[in-house]
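The values are calculated or read from the model by the stated rules, or taken from the named source; none is laboratory data. No experiment lies behind these values; they were computed from the predicted model shown. Heads up, the Cβs are rebuilt from the backbone with ideal geometry, glycines too, and the neighbour counts pull from every protein chain shown.
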């Protein structure tokens, strides 16, 4: 009997992760069929796209409320197809707000439901894990400290490593990257990453520019790289440069190329998020910062129970890199923290060594390990 797997992947990152998983599962089950919500990379692996994954891209609470009826309709229709077609298993890739409900209903119908990429339950208080325990047959985690949380709740779980650790080099090519960007090796460079969303760049652009100005007063030879993911975020940062009369500062904007900017840099100033993990995998000393609306920050502070927001600190279980958030994210404090890194070579070497250990822990050939964990639910074995 042909193995058929229903899948839902949210957004571009989920499409990439799911495409690698499909390829890994086909190593064991070459005739397996896949259908559901996905993107072009999944389609290239033979996935039957019933709805495109871009439909699940929701930008903030307001957008989520506006599109609730549309997304609920898609979810109900997919559930009806799953009940009708009876696939061997369901795999939800990330997108927990969409997938956990679907996984619970699928599991109630007697179909195993696997969730790939644990929601950040470790960052927030509350009983979300109880809902997960009711919804999923198996959880696949990217971080090594997560399985214990699920084991305590009786959820079958596997640590499969982080996909970024599979693709980032253990030894970043700093000299080659600087040569490609035409930056002299002896020049001190700071990469400044204000985030990928327009709201993030708006919140941080003025502060980043003021920080660069302060640092240049202390060391006029410094240079700055600012990678910006989209035309819109680039425009927002350009407007901030003009508004602050800072167009003459040695700040070089890059269209994308965040990994190149961090690889070439001596130190990174980064908005909290996945980019901070990328900086750690590139073995870069960093300062993590973030600024959001006051009420939103108060809510986050109330709900959070970890002392850090940055993944490098959470994963190392200590404040290994500075975090300057909200009212602490002033140009003076950010400039001091960045300058401390530049002036302390032994501290830089120590954090680079810790990040090498972290990289080796997360490097697990994620798709392959995930496939092996899923196979028993498909009536197959890894042998």
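Points worth noting:
- Among (1) more than 20 Å from the chain's Cα centre (by Cα); (2) assigned by TED's automatic domain parsing to the domain that holds residue 219 - the single one residue 355 does not satisfy: (1)
- Selection count, segment 1-14, where residues are at pLDDT 95 or above and in contact with a strand residue (DSSP E or B) (Cβ under 6 Å, 6 or more places away or on another chain): 6
- Comparison of 114, 74 shows that the only residue that is within 17 Å of residue 7 (Cβ to Cβ) and crowded, with 22+ Cβ neighbours inside 10 Å is 114.
- Residue check, residue 98 assigned to a loop (DSSP other than H, G, I, E, B) and touching a residue at least 40 places away in the same chain (Cβ under 8 Å): no
- Of the residues contained in segment 65-76, one or more are found to be modelled with pLDDT of 95 or more and in contact with a strand residue (DSSP E or B) (Cβ under 8 Å, 6 or more places away or on another chain).
- Selection of segment 352-383 for residues being within 20 Å of residue 174 (Cβ to Cβ) and in contact with a helix residue (DSSP H, G or I) (Cβ under 9 Å, 6 or more places away or on another chain) yields 354, 355, 357, 358, 359, 360, 363.
- Restricting attention to segment 87-97, the residues that are at pLDDT 95 or above and either surrounded by 20 or more Cβ atoms within 10 Å (Cβ to Cβ) or out of contact with any strand residue (DSSP E or B) (no Cβ under 8 Å at 6 or more places or on another chain) (or both) add up to 6.
- Checked against (1) on the phi > 0 side of the Ramachandran plot; (2) surrounded by fewer than 18 Cβ atoms within 10 Å (Cβ to Cβ); (3) within 17 Å of the chain's Cα centre (by Cα), residue 245 passes all but a single condition, namely (3).
- Set side by side, the residues 325, 299, 306 differ, and just one is touching a strand residue (DSSP E or B) at 6+ places or on another chain (Cβ under 8 Å), surrounded by fewer than 19 Cβ atoms within 10 Å (Cβ to Cβ) and at pLDDT below 95, which is 325.
- Some residue of segment 273-288 being part of a strand (DSSP E or B), outside the structural domain of residue 146 (by TED's automatic domain parsing), within 23 Å of the chain's Cα centre (by Cα) and at pLDDT below 95: no
- Yes/no for residue 380 being under 19 Å from residue 291 (Cα atoms) and either touching a strand residue (DSSP E or B) at 6+ places or on another chain (Cβ under 8 Å) or outside any helix (DSSP H, G or I) (or both): no
- Some residue of segment 40-59 being closer than 15 Å to residue 94 by Cβ, at pLDDT 95 or above and touching a helix residue (DSSP H, G or I) at 6+ places or on another chain (Cβ under 9 Å): yes
- Listed here are the helices (runs of 4 or more DSSP H) enclosed by segment 136-226 that have at least 2 residues being buried (at least 22 other Cβ atoms within 10 Å of the Cβ) and modelled with pLDDT of 95 or more: 198-218.
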